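Please read the structure below before turning to the comments.
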Amino acid sequence: MPHWAPVNLPAAFLLHSITPGVSNMIAKLAKTCTLRISPDKLNFILSDKVANGGVSMWCELEQENFFSEFQMEGVSAENNEIYLELTSENLSRALKTAQNARALKIKLTNKHFPCLTVSIELLSVSNSSRVVTHDIPIRVIPRKLWKDLQEPTVPDADVSIYLPVLKTMKSIVEKMKNISNHLIIEANLNGELNLKIETELVCVTTHFKDLGNPPSASEDASQARNPEQMAEVRIDIRRLLQFLAGQQVNPTKAVCNIMSNKIVHFDLLHEDVSLQYFIPAFS
């Protein structure tokens, strides 16, 4: 594999506390994912075909916020990137042991098969240190497949709205899941958002008010749209619950963008980590 030989990524995490949080979130959102490594960013990517009902995810970390050292060499000077496929849970499990680490190094290695090797230096009670190593099997993704793993383009939303506290939202959706497999999210430019399920026997709606709308969305859309008019999308309730279960900490910013009857796009910011998550409308 010519693109494997030059790859070398020693790195030491500066913020141990957030790293397991990020990997735990990714593990809850995607069983397997793509890790994109570039000189200034790390991305965790899930790219199921939306046309086939799959969700997609784009999680971004600025490397300078996490690493004290960062060396990488991609395929070429023009394509200075590396794309790896890995099992999210394996990375999460490895980083869980790093919460009280003295040092943490992540390196691409070839041990009979390509690996992401995580070396964690831990201090014992007697102040002596020991190194714990995890070898995570990976698949190096060839360049011809990179085009399917680019940052998703976000279509213009009919309505953008700030989300309520995600834990509250999760507990409501969990109860609704016992009644229906599908859920309608609807919102307007007056800061109102409804979560709604409808079956032959029952209709249940939870209302949120005064959530606010992002300024740009309100200004652009309000010219042509009645602020009271709801935009709605009907989605698989399990997809939404999976997304909400991955959010262990309430984000600094959480926006929901609705493209009526097409897709819902969640845009979250957790301190130094941004997450975009797309759930297509249920057809």
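The values are calculated or read from the model by the stated rules, or taken from the named source; none is laboratory data. On a predicted model such as this, the values are computed, not experimentally measured, just so you know. Every residue, glycine as well, gets a Cβ built from its backbone with ideal geometry; the counts of neighbours run over all protein chains shown. When the accessible area is computed, the model is the full protein with side chains, heavy atoms only, and any ligands, DNA or RNA have been set aside. Shrake-Rupley method; radii C 1.70, N 1.55, O 1.52, S 1.80 Å.
Tabulated results
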quantity: Condition met for Lys209 (farther than 22 Å from Thr153 by Cβ and either touching a Ser or Thr at 6+ places or on another chain (Cβ under 9 Å) or touching a residue at least 24 places away in the same chain (Cβ under 8 Å) (or both)); calculated: no
quantity: Hey, Ser274 of a type in the set (Ser, Thr, Tyr), at pLDDT 90 or above and closer than 19 Å to Ser47 by Cα or not; calculated: yes
quantity: Filtered residues of segment 109-152 (kept if among the hydroxyl-bearing types (Ser, Thr, Tyr) and either touching a helix residue (DSSP H, G or I) at 6+ places or on another chain (Cβ under 7 Å) or open to solvent by 80 Å² or more (accessible area, probe 1.4 Å) (or both)); calculated: Ser126
quantity: Segment 160-184, residues that are of a type in the set (Val, Ile, Thr), in contact (Cβ under 8 Å) with a residue 60 or more places away in the chain and out of contact with any Leu (no Cβ under 6 Å at 6 or more places or on another chain); calculated: Val165
quantity: Unique residue being out of contact with any Gly (no Cβ under 9 Å at 6 or more places or on another chain), loosely packed, with under 14 Cβ neighbours inside 10 Å and either at pLDDT below 90 or under 30 Å from Ile37 (Cβ atoms) (or both) when the list is Gln242, Gln223; calculated: Gln223
quantity: Those residues of segment 133-153 which are touching a residue at least 40 places away in the same chain (Cβ under 8 Å), assigned to a helix (DSSP H, G or I) and within 20 Å of the chain's Cα centre (by Cα), in sequence order; calculated: Trp146, Asp148, Leu149
quantity: Filtered residues of segment 241-283 (kept if under 18 Å from Val55 (Cβ atoms), in contact (Cβ under 8 Å) with a residue 60 or more places away in the chain and more than 13 Å from the chain's Cα centre (by Cα)); calculated: Leu241, Val255, Cys256, Asn257, Ile258, Met259, Lys262, Ile263, Val264, Pro280, Phe282, Ser283
